[in-house]
Structure formats: C-alpha cells, structure tokens
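First comes the structure, then the notes that go with it.
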Amino acid sequence: MRIITTHDDDDRFIEIVDAVIESVVHRDTPRSLRVIRVDNWFGEKWRGFAGKVLGAFGVGRGRLVIPPFVPSRVDSEYSWSKGESGYVVDSDFDVLHKRMRSEANLRRYFDQLCPDTIAVWFSSKSASNGRGSIMVYSDVGMERTSSWYVELSETKAWQPSVANGITISEFIKLLTHNNEEAEQAAS
C-alpha cells in the first residue's frame, strides 16, 4: 500500500504519508482503506467541513461528511480491502468525490458511505510548496467515527506545524510506534 511518488512530491513527505497509512491500518485493521491525493495543499478547515448552505454559510463539525473536494482537485484515489492474507487493491469502487451541489454533500455521511473504513487524504506538490497536509477519517474501533489533520513543513524538517484533532505528540508517537515495530521485526 505504498504511495506512488510524482515529480513534485517531496520524498520525505511521501515517506511520512506511507508511515501514517501503515500505522493506522496496523493499529485499527479496517475492513477497507481509501487513499486520496488532493491537488495542492489544503488547510485544516477541511477536517469536518461538510459544505455550504445557500452558497454562503459553511457547515461542519457535526457528523463527519465526505469532505467536499471538487473532483478536479482529486489527482488520484485508491481503495484496498482486507483479505485473508492482507489488503488487496479494489479495482472497482465508487469514488468519494463527485460533482454535486454543496447542499447535496451535507448528507454524504462518512460512516454510511465508508463503514469500517479509514480514509487518508494527502496533498500533492509538497516539493514546490514546502509543506504538505494529511487528513484521516476513521470509522473503525471503539471511537467509531473520528478525524484528524496535520500540516507538515519542509522548513521544520517535515515535522508537524499544525495539528487538529490529534496533538503533535500523538502524531509523532503514531509514527514512532511504527518505526519501533519495524525495528523489532528486523531483530
């Protein structure tokens, strides 16, 4: 389940995205995984954002809704399902981001459309932007539906500069735990 690097991806940022995916999948073992590459950086307002009502007022922070990225901002979307011997690529799946009126998106609940799923959105163009964003929605485990967002900056050696729904120390622990398990397996 590795991310394919494009010409404008910073290799270290993509390594972090891969580590996040590996960590949350290992920790929560979802029935399915979605990974969505979003064209360009996106901010923390997207976490929990549902859309606009009457074209003016932003709605969000209630029940998690599929974030309303317009389809033209989605560079790629991948889906995997848990099989007997690990995760296998889904070749036939319904994409999450569709062209629709903002009001229609207000009823596209993540837990209904993606039960027992983890979805990871990450930004493209991290090399030229010098920053990248990662957002995770989960409908797995005891907490059921949860979400978090982290922004990382090249000027901070790809350390988190903004965290929403997760603390920076929790994020670092998530990545560190993944590295510790890999070292133990290699021993």
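Odds and ends about this structure:
- Local net charge near Val17, Cβ-Cβ under 12 Å (Lys/Arg +1, Asp/Glu -1): -3
- By the Kirkwood approach, averaging reciprocal distances over each pair of separate Cα atoms, region 65-168 gets a hydrodynamic radius of 15.5 Å.
- Placing unit charges on the Cβ atoms only, positive for Lys and Arg and negative for Asp and Glu, gives the chain a dipole magnitude near 1000 debye about its Cα centre.
- Percentage relative contact order, the chain, counting C-alpha pairs under 8 Å, at least six apart: 25
- Per DSSP, loop trypsin sites (Lys or Arg not before Pro) in region 132-176 with at most 14 further Cβ within 10 Å: Arg144
- Mean residue ellipticity (222 nm) of the chain, computed from DSSP H runs ≥ 4 via -39,500 (n - 2.57), nearest 500: -7500 deg cm²/dmol
- Helix axis angle, 11-28 relative to the chain longest principal axis, alpha carbon, degrees: 80
- Principal-axis tilt of helix 168-186 within the chain, Cα atoms, nearest 10 degrees: 40
- Set of aspartates and glutamates with alpha-carbon distance to Lys125 below 20 Å, sequence-local pairs under 8 removed: Asp8, Asp9, Asp10, Asp11, Glu15, Asp18, Asp39, Glu44, Asp75, Glu77, Glu151, Glu154
- Span from the region 112-167 Cα centroid across to the region 65-95 one, whole angstrom: 16
- Loop-located trypsin sites (Lys or Arg not before Pro) in region 1-45, at most 11 other Cβ atoms within 10 Å (DSSP): Arg2
- This structure gives semi-axes √(5λ) of the Cα gyration tensor in Å, computed directly, and of (1) 25, 20, 16; (2) 36, 19, 14; (3) 34, 17, 14 that value is listed as (1).
Computed from the coordinates by the stated procedures, all read-outs in this text should not be read as laboratory data. None of the values given here were measured: they were computed from a predicted structure. Note: ideal-geometry Cβ built from the backbone for every residue, glycine included; neighbour counts use all protein chains shown.
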